[in-house]
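Since the structure comes first, as structure tokens, the remarks are kept for the end.
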Amino acid sequence: MIRTHEIRLTELDAVRLERALMELLKASDGEPQGASELESLLDAAAIVPSASIDPEQSKVSVLSPVGRALLGARVNDRVHVVVPGYGERELALVALTYQPEANGRFDL
């Protein structure tokens, strides 16, 4: 996956994702699929204040292959991802419909 811009996460989202990753690793006998990729993305992400997130952005679940591929993507970005049962796909991010911080929700 080629990224042309910085991945930005709010502090709250980063903490949630790190916590979920740690719980997943503890509960698993081996390394779960995508765990190292998610860890690398979290390590590379810029942590920003919740209030600074642009209203045109929204969040998606990063626990699925599609979510991991879209992590940090912006409108008009294209990403390639292997979708279980469907093979490799190119996805285009055409719109973001909801972003909690942009709507004053800093507690979600």
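A short reminder: the numbers here are calculations on the coordinates, not readings from a lab. Bear in mind that the values here come from a model prediction, so they are computed numbers and not experimental data.
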Open item on the list: Explain nothing, just compute: Karplus ³J(HN,Hα) = 6.51 cos²θ - 1.76 cosθ + 1.60, θ = phi - 60°, for every residue of segment 29-39 in order, whole Hz, x for Gly and Pro.
Closed with: 6, x, 8, x, 4, x, 5, 5, 5, 5, 4
- [ ] Starting from the amide H of residue 48, placed 1.01 Å from N in the peptide plane, find each other amide H under 5 Å away whose residue is 5 or more places distant or on another chain.
- [x] 9, 10, 11
- [ ] Can you quote the Å³ per residue value for the convex hull of the Cα atoms in segment 8-103, rounded to an integer?
- [x] 101
Open item on the list: Defining a contact as two alpha carbons under 8 Å apart and six or more residues distant in sequence, what relative contact order in percent does segment 8-103 show?
Closed with: 27
